[in-house]
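A.B. asks: Below are the structure tokens for one structure; questions will follow.
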Amino acid sequence: MSDRAEFLIDLSALTSNVSKIKKQCGVDLMAVVKADAYGHGLVRVASAALKGGASWLGVALLEEAITLRENGIDAPILAWLVSPGSDFESALSKNIDLGVSSIKGLQEVTAAAVKTGKKARIHIEIDTGMTRGGFLDEWQELLKADFSNLEVVGIFSHFARADEPGQQQNEDQLHKFKHMVSELEKIGINPPIKHLSNSAATLNDKDSYFSLVRVGIAMYGLTPDITHMGTSKELGLRPAGQLRAKLHLVKEVSKGVPVGYGASAHTPSDTKLGVIAMGYADGIPRIAQGAGIFVKSKRAPIIGRVSMDQFVVDLGSDSTAKSGDWVIVFGDGSHGEYTADDWGRASSSINYEIVTRIGPRVPRIYQSHEY
Ligand SMILES: *Cc1c(COP(=O)(O)O)cnc(C)c1O
């Protein structure tokens, strides 16, 4: 246990979310563990996900894939955001599949394959309407490329609005995906693995499963979109992370005193304030208003602006909370505590950003000792 704050992660919840989702969709599952597994810890989460039945790991960066390999993880890994000029030879020697989304990327991977004498395993990313990564304007050029040093393992794309079931754009992207796959097949490239679904599509849309789904947020037990898809609980998911902190200081103040930088808030009545020793350096959004902490079976909302290392909550005049008590910043909500969704809403953001930005000063503590 840490002295100040900790992100408590229940790996058994993670494993059970993975196995539940896999059972529901009935196809292979790639556990998306980019960005330090959405803040939950890359290597521990990857192991827990594999234990739950994931057969692939997905990351954005090549260095994330290398870290997994260096920690003894030998499951198939795809890294899809590999920068120009990366160490492609290292990727090949470590058996890491590479997402390719440009002719330049294709040339660099091919050069590494020629140099090492080892065919490079690639997944071609296509832009079906998100207009971010993937082949779009260079598609015709790709169809004329030399694939002889490459093993095209996969073809994939990404939805922009899968968290809004019924949106026409989802249909359009699926249609375009199938069309581009067929164009590739016409030139004799038949990637065995086609993948399109993120968590939202995996929970919503059977037609876009193909043989593999890429699941991120849902595996952590969080809803892809609380407005359109409901809460974690409604989706049958168990949030794996609980952010806790120690109450640093409690003080009695009178009505009408200004609190924090810019005196943006004043106490509405005589009350007790609690100081939490976490701030935006730890991933607590500076603009958050309307979230807070949970202590002694009661919510205490943020008052004033969050600063770099601290924020202040209004405990209420009758609170019995004391300096040194542990409080829940967010959790699964089952006792009445705020959730990552509440914190997202309180800062004009989403649960993804709340968990992913928990800073490096906050130790990750693992509850399950199975791994
Ligand atoms: C992050 C990411 C995912 C996972 O998305 P979730 O909404 O967290 O399931 C899947 N595919 C790609 C390409 C991604 O970048």
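The values are calculated or read from the model by the stated rules, or taken from the named source; none is laboratory data. Every value quoted in this text rests on a predicted model; they were computed, and no experiment measured them. Counting neighbours? That spans all protein chains shown, and the Cβs are built from the backbone with ideal geometry, glycine included. Each accessible area value is taken on the protein alone, full model and side chains, heavy atoms only, with ligands, DNA and RNA left out. Shrake-Rupley method; radii C 1.70, N 1.55, O 1.52, S 1.80 Å.
A.B. asks: Within the range 30-43, take every residue that is buried (at least 24 other Cβ atoms within 10 Å of the Cβ) and of a type in the set (A, V, I, L, M, F, W, C) and give me the one that is nearest to the ligand (Cβ to nearest atom).
C.D. replies: Per the stated criteria, the residue is Val32.
A.B. asks: Does the range 262-304 hold any residues that are of a type in the set (Ser, Thr, Tyr), assigned to a loop (DSSP other than H, G, I, E, B) and touching a residue at least 40 places away in the same chain (Cβ under 8 Å), and which are they?
C.D. replies: Ser264, Thr267, Ser269
A.B. asks: Right, another one. Looking only at residues in the range 162-200 that are away from the ligand (no atom under 14 Å from the Cβ) and of a type in the set (D, E, K, R), which one is surrounded by the fewest Cβ atoms within 10 Å (Cβ to Cβ)?
C.D. replies: Among those residues, the one meeting the criterion is Lys186.
A.B. asks: Still on this model: Might you check whether a residue that is part of a helix (DSSP H, G or I), in contact with a Ser or Thr (Cβ under 9 Å, 6 or more places away or on another chain) and among the hydrophobic types (A, V, I, L, M, F, W, C) occurs anywhere in the range 344-362?
C.D. replies: Yes, some residue in the range 344-362 is part of a helix (DSSP H, G or I), in contact with a Ser or Thr (Cβ under 9 Å, 6 or more places away or on another chain) and among the hydrophobic types (A, V, I, L, M, F, W, C).
A.B. asks: Shifting gears a bit: If you take the residues in the range 51-84 that are within 13 Å of the ligand (Cβ to nearest atom) and in contact with a Pro (Cβ under 8 Å, 6 or more places away or on another chain), which one is most open to solvent (accessible area, probe 1.4 Å)?
C.D. replies: Among those residues, the one meeting the criterion is Trp56.
A.B. asks: Inspect all residues belonging to the range 10-20 and state whether any of them is in contact with a His (Cβ under 7 Å, 6 or more places away or on another chain) and either of a type in the set (Val, Ile, Thr) or at pLDDT below 95 (or both).
C.D. replies: The answer is no; no qualifying residue exists.
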